Each structure stands twice: as structure tokens, then as C-alpha cells.
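Working notes for the structure below.
Just so it is clear, none of the values below were taken in a lab; they were calculated from the coordinates. Source: prediction; values computed, not measured. Virtual Cβ from ideal backbone geometry, glycine too; neighbours counted across all protein chains shown.
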Amino acid sequence: MDNLTAKAFEKMQKREHLLRVLRDQMGLGRISREVFRQEVSKVVERYALTDNEQRAYDLHNKITDQRKSK
């Protein structure tokens, strides 16, 4: 796995973790729905993949799927 793909995976893991934390906080009533929506948009914007990272991630998935199907 090259550096770009690793960086894409790291970004996606951080994003999913932060979104999970926000969902849990809203579920427990610690934050309102409005604050939840604002924070979600901040997280998604901050950890969005660049075009190159997205291409590297898609290529990695394609190669992985080809290996699994053999």
C-alpha cells in the first residue's frame, strides 16, 4: 500500500470515529440535533478525501476485490 492510499485510509478512519462519537453524544442527549448537524458537516469537510486520495483508494479496492474473487 502506497503512502497516498495509507493516508486515505487514515483520514477515513478518523472521520468514521469522529462521526461515531458525535452520534453517541447525540444519542445520550449531550448535544442537540442542530449542533450534531454542524459538527458532522465540519468533520466531513475536514476529512474529505482529495481527488488523488480517492483515486488511490478506489484502485486499492479494485485490486483487493480482484484478489478475493480468484
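Applying 0.36 nm per residue to the separation of Met1 and Gln25 and subtracting their alpha-carbon distance, the gain on full extension is 5.2 nm. Cross-link partners for Lys70 among the lysines, with Cα-Cα distance under 25 Å and sequence neighbours closer than 8 places in the same chain left out: Lys62. Dividing the convex hull volume of the alpha carbon atoms of the chain by its residue count gives 93 Å³ per residue.
Can you find, among Ser41, Ala56, Gln66, the residue sitting farthest towards the positive end of the charge dipole of the chain, where Lys and Arg contribute +1 and Asp and Glu -1 at Cβ? Value computed over the given set: Gln66.
Charged neighbours of Ala8, selected by a Cβ distance under 12 Å, balance to 0 (K, R count +1; D, E count -1). Any idea what angle helix 33-46 forms with the longest principal axis of the chain, computed on alpha-carbon atoms, 0 to 90 degrees, nearest 10? Long axis of 33-46 versus the principal axis of the chain: about 30 degrees.
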